[in-house]
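Peer 1: To start, I am sharing the structure in question, which I have written as structure tokens.
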Amino acid sequence: MAGLSGNANLIACSINYVINVGVTVPALLFIDRMGRRWPLIIGGLSLMTWWFANAGLLASYGSPAPPGGLNNRPEES
């Protein structure tokens, strides 16, 4: 988790993993009842919508990394 260190990072990751496990079981039961085709189609369309929205926001408000990368680290560009 970016910006966290020590125990705060461990707690944030633990919360994320517990939510992941808690949501996976109902999702699997839902997919078994409904089938796989429609959830995959709906998921793909929703991902496409959010990716286009994200790309539009980055194109409008984003800025490229400075030469040499962030904090003079080329890998953080």
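The values are calculated or read from the model by the stated rules, or taken from the named source; none is laboratory data. What you see is a predicted model, and the numbers here were worked out from it, not measured in a lab. Positions of Cβ are backbone-derived with ideal geometry, glycine not excepted, and every protein chain shown enters the neighbour counts.
Peer 1: Could you please find all residues in the range 38-71 being in a helix (DSSP H, G or I) and either modelled with pLDDT under 90 or in contact with a Pro (Cβ under 7 Å, 6 or more places away or on another chain) (or both)?
Peer 2: As a first pass, look at the range 38-71 and keep what is in a helix (DSSP H, G or I): 38-61, 70-71.
Within the range 38-71, Trp38, Pro39, Leu40, Leu70, Asn71 meet the criteria.
Peer 1: Please verify whether Gly69 is of a type in the set (Gly, Ala, Ser) and either loosely packed, with under 10 Cβ neighbours inside 10 Å or under 20 Å from the mean Cα position of the chain (by Cα) (or both), treating the condition exactly as stated.
Peer 2: On the way: of a type in the set (Gly, Ala, Ser): yes; either loosely packed, with under 10 Cβ neighbours inside 10 Å or under 20 Å from the mean Cα position of the chain (by Cα) (or both): no.
So Gly69 does not fit the description; no.
Peer 1: Now a separate question. Does Ala12 count as at pLDDT 90 or above and surrounded by 10 or more Cβ atoms within 10 Å (Cβ to Cβ)? Outline the logic, then answer.
Peer 2: Details: at pLDDT 90 or above: no; surrounded by 10 or more Cβ atoms within 10 Å (Cβ to Cβ): yes.
The answer is no for Ala12.
Peer 1: Might you check whether a residue that is within 18 Å of the chain's Cα centre (by Cα) and surrounded by 10 or more Cβ atoms within 10 Å (Cβ to Cβ) occurs anywhere in the range 34-42? Don't jump to the end; show me each part of the working.
Peer 2: Going residue by residue through the range 34-42, those that are within 18 Å of the chain's Cα centre (by Cα) are 40, 42.
Now drop any that are not surrounded by 10 or more Cβ atoms within 10 Å (Cβ to Cβ), which leaves 40, 42.
Yes, the conditions are met somewhere in the range 34-42.
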